[in-house]
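What follows is a single structure, written as structure tokens, with notes after it.
What follows draws every value from the coordinates through simple rules; no lab data is involved. Note that this is a predicted model, so its numbers are computed, not measured. A quick note on method: Cβ atoms are made from the backbone with ideal geometry, for glycine too, and the neighbour counts reach across all protein chains shown.
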Amino acid sequence: MTTHPKATLQDIYKSCFQDRFGVAHALGSAEQVENYIAYESAKAESFESDYFESCGWRGDFVRVNLKAVREGKISVSDLAQAFIASSVAAESYDLQHWQSEWQQIERAVRELYPDLEGFERDSANIATLISSGNYVMHHSKVYNEAYTPHYRIVSREQFDKLKDRLK
């Protein structure tokens, strides 16, 4: 919330989900991954200022801003390889465990940010999502408009191999 004060509960959920499950839900072939990173980093009209940020509360996964590719800090190939290698670090989906963890996170968010806009609506939508057996949620419209996120998720281990180039 410090770096993204317009984030909603939906966005917090997305970050915590990414921190728990990483990138396993978003993989294609290595060629597809490289092609899309190249395409998105070239077409993006704006980027957030930071090259990276930790996901969720554990920090097991990191969002690497595609601005780093655009500015030549890291290559498309290096980011794609880190993204793909990170899929092995992801946990398998366990609905009961995730639902329990999310409920704890949501209680903490409610306590820390009692006036978070759309909290009740997002909470209900997330509960419905999880109860339907779906886990994946996109950023909110508010977040997308405020921050224009363009990133790939990599494990902390893979990020550690890239981080010296991202200063």
Straight-line reach from Lys167: which aspartates and glutamates have a Cα under 13 Å away, not including same-chain ones fewer than 8 places off?
Asp50, Glu53, Glu71
Given a Förster distance of 35 Å, the FRET efficiency implied by the Cβ-Cβ spacing of Tyr36 and Val142, rounded to the nearest 0.05, works out to 0.90
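Can you tell me the length gained on complete extension of the stretch Glu45 to Arg107, counting 0.36 nm per residue apart and subtracting the Cα distance? Before the final figure, lay out the partial values.
Numbers: separation 62, 0.36 × 62 = 22.32 nm, distance 3.62 nm.
Computed gain between Glu45 and Arg107 is 18.7 nm.
So what's the net charge close to Thr8: Lys and Arg +1, Asp and Glu -1, counting the other residues with Cβ under 15 Å from its Cβ? If you can, show how the numbers build up before the last one.
Numbers: positive: Lys6, Lys14, Arg110, Arg121, Lys141; negative: Asp11, Glu106, Asp115, Glu117, Glu120, Asp122, Glu145.
So the environment of Thr8 carries a net charge of -2.
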Ignoring chymotrypsin sites (Phe, Trp or Tyr not before Pro) buried by more than 16 other Cβ within 10 Å or outside DSSP loops, the longest site-free run in the chain is 94-167
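Net charge within 9 Å of Thr148 by Cβ-Cβ distance, Lys/Arg positive one each and Asp/Glu negative one each, not counting Thr148 itself? Walk me through the numbers before you get to the answer.
Numbers: positive: none; negative: Glu45, Glu48, Glu145.
Result for the local shell: -3.
Placing +1 at every Lys and Arg Cβ and -1 at every Asp and Glu Cβ, with all other atoms neutral, what dipole size does segment 58-105 have around its Cα centre, in debye to the nearest 20?
Numbers: 5 positive and 6 negative charges, 68 e Å.
The calculation lands at about 320 debye.
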Taking a ≥ b ≥ c as the square roots of the Cα gyration tensor eigenvalues, with a/c under 1.5 meaning rounded and otherwise prolate when a/b beats b/c, else oblate, which class fits segment 45-122?
oblate
Among Ile130, Ile153, what is the fewest-to-most ranking by other Cβ atoms within 10 Å?
Ile130, Ile153
Contact order relative to length for segment 9-165, counting C-alpha pairs under 8 Å separated by 6 or more residues, stands in percent at 42 percent
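Arrange Val142, Val154, Val136, Val76 by Cβ neighbour counts within 10 Å, fewest through most, would you? Provide the component values of the computation, followed by the final result.
Details: Val142 15, Val154 28, Val136 12, Val76 18.
Neighbour counts put them in this order, fewest first: Val136, Val142, Val76, Val154.
Using only Cα atoms, figure out Rg for the chain and give it as a multiple of 2.2 N^0.38 Å. Numbers along the way, then the final one.
Numbers: Rg = 15.8 Å, N = 167, 2.2 N^0.38 = 15.4 Å.
For the chain, the normalised Cα radius of gyration is 1.03.
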Can you put Asp60, Asp78 in order, fewest other beta carbons within 10 Å first?
Asp78, Asp60
